[in-house]
Structures are given as C-alpha cells and as structure tokens.
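Undergrad: Can you keep this structure in mind? I'll have questions shortly.
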Amino acid sequence: MKTLAFFAALALSNTSLFASADLVTTINVPSTLIRAGFTSQILFSVHNSGPDTAPATTVAVSSSVAYTCGCTLGDIPSGQERSGTISFVAPAANTTIPFSLTATSSVPNPVPAHNVASVTFTVSTDPDVILTFTAPLKQDLALPFTLPVFLGNNSNTAAHDVEATIDFRTDVGVLSLPGGCSSMAAGRVVCRLDTLPPMTSAVAPTPAFALQLVGPRDYGFGSITFTGVVTEREHDFDPISNTFSQETALYRTFYVLTTTDDGGGSLRAAIFQANGQCLPSELCAIAFQINQASSNPWKTININTPLPPLTASNLKIDGATQAGFFGHQNAEGPDIEISGRGTVDGDGLVVTNCSAEVANLTINGFRRNGLSVIDSPTTPNCPQFPPTELHNLFLGTDPTGAAARPDGRGIGTSRQNGTNVFNARSTTYIRDCVLSGNTMSGIFALSGRVDIWGNRIGVKAHSDDPLPNGASGIFIGPGGYGSEIGPDERTSFRTPNVIAFNREMGVAIAAGVGDVSVRGNSIWSNGTLGIDIGLDGPTLSTQSQFDVPINVPVLTLAHYDPVSKKTVIEGDQVGQTIGGGRSFVVDLYANDTTDPSGFGEGQRPIARTQFTDYVTLTHFRVEVDGDLTGQFITATVTRTEFAGFAKPEGVDQLYLTQTSEFGRAIEVR
C-alpha cells in the first residue's frame, strides 16, 4: 500500500512530464505576390489539438528580412487557438522571401511536423496603375457635365507611356478635352501620360484629366455606361485595378417645343404626357427646346388658364435645358419665362409629387402662388429623401430680376409634417432663388418642413436695390416644424439669405412652431421686425419644445477700442439648465439703422459666441475686428440640441435648433 501511494503522489506532482499538446501552426496571407518597398503582414494562428493545455506557447520565425512579431501567445487550452501578426517591409528589388514559423510550448508535441508552417513571398517592382472616375448619378439630355478621371500608381516604381481609354455611348458629345486627351471616334476618349510617378495613396486626390462631355440630345431615357481601361509600358502589378465602370441614369424626357399655351409641343402637353407616361421607377424630365424667334433673350410661355399639376414621381422641370440646345441667351436670369400676365386666377406650377425638382425658370403674373408644393391624395407621406428641390427660380419678377411682375405669393407650401424629430415629414429645399415683387409673401410655408438658403427676397436679382414683397419675406406657418432659414449647425456650407425691404416682417413664424432656425442671414429694412415669432410684435421669451424658454439676449455695451482696433460688445443671456447635449449660441449682427420698435434686424452677421447649459444670468464679451462706431448691434440666441440620427430615415439633424427674435439694438459709441 505504501508503494502504491508513493507512485500516485509522484504522478500527481509530475503531471507535466506526461502532458501532451498537439500544436498546429497555420499561415494566412491574401497573396504571396507583394509590392517592393511596401509593408506586408503575415497572419498566423496556433491551434492546440491535444488533450492538455500548452503552457507558454511561443512562435520562432526564420526569415531573410527584418520583421516584427507578436510571437508570445501564452497558454493555449485544449481545443483553442491563439493568433499573431508578423510585419515586414519588402526589399526594393525583385526577389523571394521565405518565412518559416515553428510553435513550441513547455510540454511535448506528439506530431512535431504540425508545429511548422512556411510561406514564400515573391517581391515585384512592377508599377500598379489604378483607374477610376466620378460620373454623375443622373444627367439631363443635351446638357454639359464633367467626367473627372483619376489615375493612381500604388507602387514605388514609376509607370511610363500610360494610356487611359474611356468608352461610352456614341451619342454622348465631347465639349472639350484637356491636354493629353483626344477623341478620334465617337464614344471614345483616350488620354496619355508619359510618366505616372509612385504615390503614397492608391488614388490621386485630384483628377488627372477632366473630360467636358454633353448628354445625348435625343435619346429619351436609359443610361450612359462609362467603361475605362488603363495600360502602361511595364507589366502591371494588379491588372484588376486597370479597369473601371460606372453608370449614369438619363431622364426620360418630354419636350417643350413651342411657347404656345396648348397643343402639341406645349408645356401643358408635356406635363400631361409626363403625368400619364412616366413610371414610378423612372427618372423623368420636362425639357425645353424652343426654336422660335423672340424679341427678348428669353422665351416667354404665356398661360391663359392654370396648368395641370405635376403628379409623376421623380419628375424634373428645368429651364436650363433650353441653353443645352441653343446656348444660354439671358445673361441676367433664366432662359424660360412662364407668365400668367396678371390674369390667371391660379398658381403657376403646382407640385404634388414626391422627389420633384423645379429649376431655372421665371414664373410671374399668377394671382395665387407662382409655385405651390402641396400634398395630393396619393402623396401625403413622401419619403424624407430625396427632398423636393426648388432652385434658381425668379418668382414675382421679370427674367432679369430687376422689375416686378407680381405673383400673389412667390412659393407656397402645404404638406403634412410632424411636430418633433421622430415624426417630421419630407422637406422642401428652396435655394438660390429670387423671390421679390410679389403681392404678398415671398415664401408662404403654411405647412411642411422647408430649408431655405441662398435666396434674394425683397431685393433685385443683381443688386440690393428694393423690390419688396407686399407682406413678409418668409412666413413659417403652424406646420413648419424643423424648418431652417440660412446656414445652421449641420448646414454651415449653405449660403445665407438676403431678406430686405419687405412690407411686413423679414421672417414671420407662427406661435408654437418647434425647431425653426434663423441664422447667418442678412435681414434689414423690412417694414416691421426682422424676426417675429407669434406675429405679435417684440417677444422677449419664446417657449421651445420641452417648455424651455429661449430668452432674447440683452446687449449692455458696444464701443470701439482704438488700442486693439476692435469693437467690443458685451451682454447678458438669461437661461436655465436644460440637460446634457444642449447649448445656446448667440449670433451678433451690425445694422446701419434700427427699426421703429427699437429692436434691430440683422443686416450683417459679425460674430457668435456659445454657452453650455447655464442657470440664471451669463455675461458674454465679444471682440470684432474693425471700427463699427455708429452701427447698431443686435443679437439672437439659438438653442442647439444634439439629437444624433433619428427615425424616420432621413431626419438626420445632428442638431435641433430654435432661434429667438432679435434683441433690442444698441449703438456702438
């Protein structure tokens, strides 16, 4: 019994002498052909197929080049594996590099051959030329577009006699080509470079060539497929990257061929055709190709009775297509004018479809809205994206933008909308338009979310001379939740609006509308307030969502400091703690004068300052370059709340914003 006990104790104290771990080493590399001078990696793993743990496992590496390795893997229990990475820089010459990896641990391995794995790399000094280009997603017929062609060389060796061939439909025109490019046959452009040097990135940051092309003139729908192939004198490292293909969708097009109000080739007929024939899955456009004599540089379509509404999905009507056929004739504005001559008791154009685009038109002389965006029984729930886009329009003026030809209102919207970020509906973009000279408001957004930027409202197209609207410049009605006027936190790339000389308010906002931002615009010389929330005169405190008051800033001091050559502005902002993720931004403006109420407008944005959440009173001090003596300074405050990406898809405001009215003006002394 003593002898058996002795041997049992000996076995328990020396289990490692009899443990077994079968280590299996494997190597994983995407390719054994590697670029000279580039860093490459070997991914390896060691699996323990034995019955016992493999303690203190390490991997020994044998190679002819320097390397770094995470080769200490630690204990590997039975049935598990550990991974590591080897990094090395390939030599600059053509050669081969063998690697051998051997896994070991402190216990025996029954099959030593499993411990070893090997790989041999072939180093290539061949250049690796890469071709890509950026074709437009969609393209109008007969209009020019740019096809940027990018060439890169993802190697350490220059490529020589580089030739890129781009093929496309033969009815795509070539407007102009850069040096090094030629087109010897329809539908093909060939561009050449003597040398393409190595690059630090795979694709050039700027195009090697920019091809100026023109969309087909007569093919009414379909697409353009661009296919490119690049070659060089040397053998290429990766021929797959030498080819590239991309597709551009073409609009199915319905043509306006005459300025007459009715009949074949008229605008009225084109709208009827588009509404009846354009399928929901198609991109459709109404294009202008009017080859009739005119006493003006533009073509005028005189309308006698209201036009049919635009009901086809994804429909675009663009006056710029006229220039695609005949060249741009009206240097002051759009080439196409649609006029009710002051006699049509209706709207000029009515958009009732989703994802519409109306652009480059003058619309005047209609007693109601020059352009209306409304819901129809079939489109109450348009998706957030793409939005309805209205841009480069003259509404209420002649085609030069210098004389009034009034519509009742410029643009009117009446679409369903929600009341918060989670249920907001589709947006109408209104940008780069002239909305002046109208009988009532320039923009009357009764309902529906609108984003408004880059417009001239109440002034002429090419100067700040007055051309007022008879009511407000912009009205945001009760259903205008989430609207933005001018650049905002997430839209700083947008240009500001000019809103001046309108008979009533610059911007009027109905009471109780949430998250309306009015920032960075030039607002001055309007009949009453620059911003009027609630349409009730000066309002010092406005309730936002969550019952958070937004209090108008109080400016206390404005003077010029001749030593620093800066204008110093001080003021107080009253607020309350409203929780994380929210802050307040004070925007400051300079004005030549103030309005009779004493509450200035916002003629020139000059500075901004931001606060995090605060309680009671916060004092601010801002310095602005230059002498503003005699100017009147005003301020607004905007509550900003980080919201992230909310549902429904497309309501992607990184910041929810709501702006106060302008505070009382203070003169710089």
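Undergrad: Kindly indicate the residue of segment 256-277 that is touching a Phe, Trp or Tyr at 6+ places or on another chain (Cβ under 8 Å) and not in a helix (DSSP H, G or I) and also surrounded by the fewest Cβ atoms within 10 Å (Cβ to Cβ) among those meeting that condition.
TA: In this case the residue turns out to be Gly265.
Undergrad: Taking the conditions exactly as written (crowded, with 17+ Cβ neighbours inside 10 Å, under 17 Å from Ala323 (Cα atoms), touching a residue at least 40 places away in the same chain (Cβ under 8 Å) and in contact with a Leu (Cβ under 8 Å, 6 or more places away or on another chain)), does Val149 satisfy them or not?
TA: No; evaluated as a whole, the condition is false for this residue.
Undergrad: Return the residues of segment 201-232 that are at pLDDT below 95 and among the acidic types (Asp, Glu); say none if nothing qualifies.
TA: Asp218
Undergrad: Right, something else. Filter segment 311-369 down to the residues that are in a strand (DSSP E or B) and charged (D, E, K, R), then identify the one that is farthest from the chain's Cα centre (by Cα).
TA: So, considering only residues that are in a strand (DSSP E or B) and charged (D, E, K, R), the one farthest from the chain's Cα centre (by Cα) is Arg341.
Undergrad: Which condition from (1) in a loop (DSSP other than H, G, I, E, B); (2) farther than 30 Å from Thr58 by Cα; (3) not acidic (Asp, Glu) is the one that Thr146 breaks?
TA: Thr146 satisfies every listed condition except (1).
Undergrad: Which pairs do you get when a residue that is in the same structural domain as Thr638 (by TED's automatic domain parsing), found in segment 563-576, comes within reach of a residue that is of a type in the set (Ser, Thr, Tyr) and modelled with pLDDT under 95, reach meaning Cβ atoms under 6 angstrom, with the pair 6+ apart or on two chains?
TA: Gln573/Thr618; Gly575/Tyr614
Undergrad: Right, here's the next one. List the strands (runs of 3 or more DSSP E) inside segment 485-524, counting only whole elements, that have at least 2 residues being polar (S, T, N, Q).
TA: none
One line per residue, one yes/no per condition, for (1) of a type in the set (S, T, N, Q); (2) over 16 Å from Thr594 (Cβ atoms); (3) not assigned by TED's automatic domain parsing to the domain that holds Thr659:
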site	(1), (2), (3)
Ile499	no, yes, yes
Asn502	yes, yes, yes
Val516	no, yes, yes
Gly520	no, yes, yes
Thr528	yes, no, yes
Ile531	no, no, yes
Pro549	no, yes, no
Asp561	no, yes, no
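Undergrad: Does Ala93 fit the bill of being among the small types (Gly, Ala, Ser) and in contact with a strand residue (DSSP E or B) (Cβ under 8 Å, 6 or more places away or on another chain)?
TA: For Ala93, the condition - among the small types (Gly, Ala, Ser) and in contact with a strand residue (DSSP E or B) (Cβ under 8 Å, 6 or more places away or on another chain) - is met.
Undergrad: Looking at (1) outside any loop (DSSP other than H, G, I, E, B); (2) modelled with pLDDT of 90 or more; (3) β-branched (Val, Ile, Thr); (4) within 25 Å of Gly534 (Cβ to Cβ), which is the only condition Thr593 fails?
TA: Only one criterion in (1) outside any loop (DSSP other than H, G, I, E, B); (2) modelled with pLDDT of 90 or more; (3) β-branched (Val, Ile, Thr); (4) within 25 Å of Gly534 (Cβ to Cβ) is unmet by Thr593, namely (1).
Undergrad: What's the number of the condition Thr397 fails, among (1) over 18 Å from Val507 (Cβ atoms); (2) buried (at least 23 other Cβ atoms within 10 Å of the Cβ); (3) modelled with pLDDT under 95?
TA: (3)
Undergrad: A further question on this structure: Name every residue in segment 431-466 that is assigned to a loop (DSSP other than H, G, I, E, B) and within 28 Å of Pro383 (Cα to Cα), in order of residue number.
TA: Residues satisfying the conditions are Asp432, Cys433, Ser441, Gly442, Gly448, Gly454, Asn455.
Undergrad: Then there's this: For segment 75-139, give me every one of the strands (runs of 3 or more DSSP E) that falls completely inside it and has 3 or more residues that are among the aliphatic types (A, V, I, L, M).
TA: Working: elements: 81-89, 95-104, 116-124, 129-133.
Those strands (runs of 3 or more DSSP E) span 95-104, 116-124, 129-133.
Undergrad: Of all residues being part of a strand (DSSP E or B) and small (Gly, Ala, Ser) in segment 14-65, which is farthest from Thr85 (Cα to Cα)? Just the residue, please.
TA: That would be Ala54.
The values are calculated or read from the model by the stated rules, or taken from the named source; none is laboratory data. Not measured: the values here are computed from a predicted model. Because the Cβ atoms are built from the backbone with ideal geometry, glycine has one as well, and the counts that use them run over all protein chains shown.
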